[in-house]
Amino acid sequence: MKKEEFIKAIEELNLEYLKLYYSDVLKKYRHKQRIKKMIINRDFRGIYWLFYDSIFKKSHFRKYKINPSFSKKRKGKIVVYTCILNDYDALLDPILLTENTDYIVFSDNENITENSKIWQYQKIPNYVLNKCKNNFTLVNRYIKMHPSEFFKDYDYALYVDGNVHIISDIAGCFNLINDKTGLAMHEHRTRDDIYIEAHACLRSHKGNKEAIKALVKKYRQEKIPEHFGLFEATIIASDLKNKQSTHLLNKWYLEFLESNTLRDQLSFTYILFKNNLTCDDVGLLGRNIALNPKFRIYDHSVFAKKNLRTVKGINKYSIFRKVKRRIDYFGLKFKCPICQSRLRVFKDGKICPVCNTFANERALFYYLKAKSEVFNDQKNVLCISDFKVLKYKLQKAKHNKAYMKDIDKLDDLNKKIRFDYIVLSSVKLNKNIVSLLKNKLSNSRAQIIALGLDDNSKQLFKEKEFTIKNFEVINSKYGIDTSIIINIITKKE
């Protein structure tokens, strides 16, 4: 598989997950959960604003221009950096690495990279802590807005919040940088007005209430137009050799510090306005950060003080869990023959992380699929097994009629039904059951395909005039590292 095809495949897979997660059905579910939480906390004002927005609010969106000249290939040394303080987020390793790129995390926790082979720990300089008076919010914003100060040996920098999971190759983000500002960001997904954003911050109790009110008053006095534009500052691509980007980011930090609002998105648009720039002069990474297939954004609360790789709230839905696991474990080294997932590793060395099957179930399925006609023709199949996924696959097969029975309920089967294949796995047999199985075979070509037969069971088949052949399954690509024996049992002619 070519690199471009690989990147496209993983981004399409992530986009599938994102569209499911942000679908109308789950939005309604989260909306109901939010209302429920507000009722429990007696946040009646929040409930009022929630219903007010759903009835009266009208979204305004500017149409940003995308100049083709801003989409050009850029080459150079890249750094991806983040800042996680007070265990506010857990460090998430990128799924796909970008060439000629270093990944650096600033943190007050020296052990934050102990479970990562990708991120490099960087201690926060003392002068930064002193400047910010050990205020974690100010420290985070200082590092966020001063990439040229920390990465003088690099050409491009990509800042990501601690709750951002990098899924794909990020080199293309720098191709979208606008040379007028040396920056590229995401358009805000729901708002394009700093005044509406300020109102939303006040309603959701984010930031310094009095400082936000004073800032709005200041911006109105300076006649910043409504719907001038708004960006999300979760991901920022910057050209470190562009003096304008350094200038704008420095001014942004000073305005953020002076305003004391603790909300940086309110100040960036103002800095553009004061420098005779518009939002069209900032490169656009996307119109909706939540649907950018190169990333995945989690709630901060999901990872706070936890080093988790799964999201609670998503795992309630098996379809989302499977899509997420396909992405988390994506690679080209292994492949599950049952769910066809491409994997870089099996969970605990032997379990498929997507369909949760063990090596012996995969081995049996592999034989049925590749070496028999169970799935390829119109056959009657009897399955006596505890393997849930295998039974499900047999029932869903288009070309066969599959019957699932427990070993002690074989007498319930219609006596007229005969089977072309009987699949057994890890069952205890006696003379009566073996005789019954013999009578259930349709003809001399019919087979009993068994896994995990003990010596006593094999002897019983031989006594009933069966021939037993062994088929060895060992395939490291399918996570079957040790030899697994499949017994093929047929009537003697």
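Tabulated data for the structure shown
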| read-out | value |
| --- | --- |
| Residue match in region 471-483 (condition: over 23 Å from residue 347 (Cα atoms), surrounded by fewer than 16 Cβ atoms within 10 Å (Cβ to Cβ) and more than 41 Å from the chain's Cα centre (by Cα)) | no |
| Candidate set: region 15-48, residues that are of a type in the set (S, T, N, Q) and either modelled with pLDDT under 75 or closer than 16 Å to residue 299 by Cα (or both); chosen: the one surrounded by the most Cβ atoms within 10 Å (Cβ to Cβ) | 33 |
| Residues (part of a strand (DSSP E or B) and either under 20 Å from residue 380 (Cβ atoms) or out of contact with any Lys or Arg (no Cβ under 7 Å at 6 or more places or on another chain) (or both)) located in region 442-470 | 447, 448, 449, 450, 451, 466, 469, 470 |
| Condition check for residue 169: in contact (Cβ under 8 Å) with a residue 40 or more places away in the chain, in a loop (DSSP other than H, G, I, E, B), over 26 Å from the mean Cα position of the chain (by Cα) and surrounded by 20 or more Cβ atoms within 10 Å (Cβ to Cβ) | no |
| Criterion: of a type in the set (Val, Ile, Thr) and within 20 Å of residue 179 (Cβ to Cβ) - qualifying residue of 246, 234, 261 | 246 |
| Criterion violated by residue 117 - all others in (1) among the charged types (D, E, K, R); (2) assigned to a loop (DSSP other than H, G, I, E, B); (3) within 30 Å of residue 343 (Cα to Cα); (4) modelled with pLDDT of 90 or more satisfied | (4) |
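Let's see how each residue does on (1) surrounded by 21 or more Cβ atoms within 10 Å (Cβ to Cβ); (2) not hydroxyl-bearing (Ser, Thr, Tyr):
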{"position": "230", "(1), (2)": "yes, yes"}
{"position": "241", "(1), (2)": "no, yes"}
{"position": "257", "(1), (2)": "no, yes"}
{"position": "276", "(1), (2)": "no, yes"}
{"position": "298", "(1), (2)": "no, no"}
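For every residue, the table says whether it meets (1) outside the structural domain of residue 41 (by TED's automatic domain parsing); (2) surrounded by fewer than 18 Cβ atoms within 10 Å (Cβ to Cβ); (3) assigned to a helix (DSSP H, G or I); (4) in contact with a strand residue (DSSP E or B) (Cβ under 8 Å, 6 or more places away or on another chain).
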residue	(1), (2), (3), (4)
158	no, no, no, yes
162	no, no, no, yes
175	no, yes, yes, no
189	no, yes, no, yes
198	no, no, yes, no
201	no, no, yes, no
206	no, yes, no, no
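The values are calculated or read from the model by the stated rules, or taken from the named source; none is laboratory data. Not measured: the values here are computed from a predicted model. Methodologically, a virtual Cβ is constructed for each residue, glycine included, from the backbone with ideal geometry; neighbour enumeration extends over all protein chains shown.
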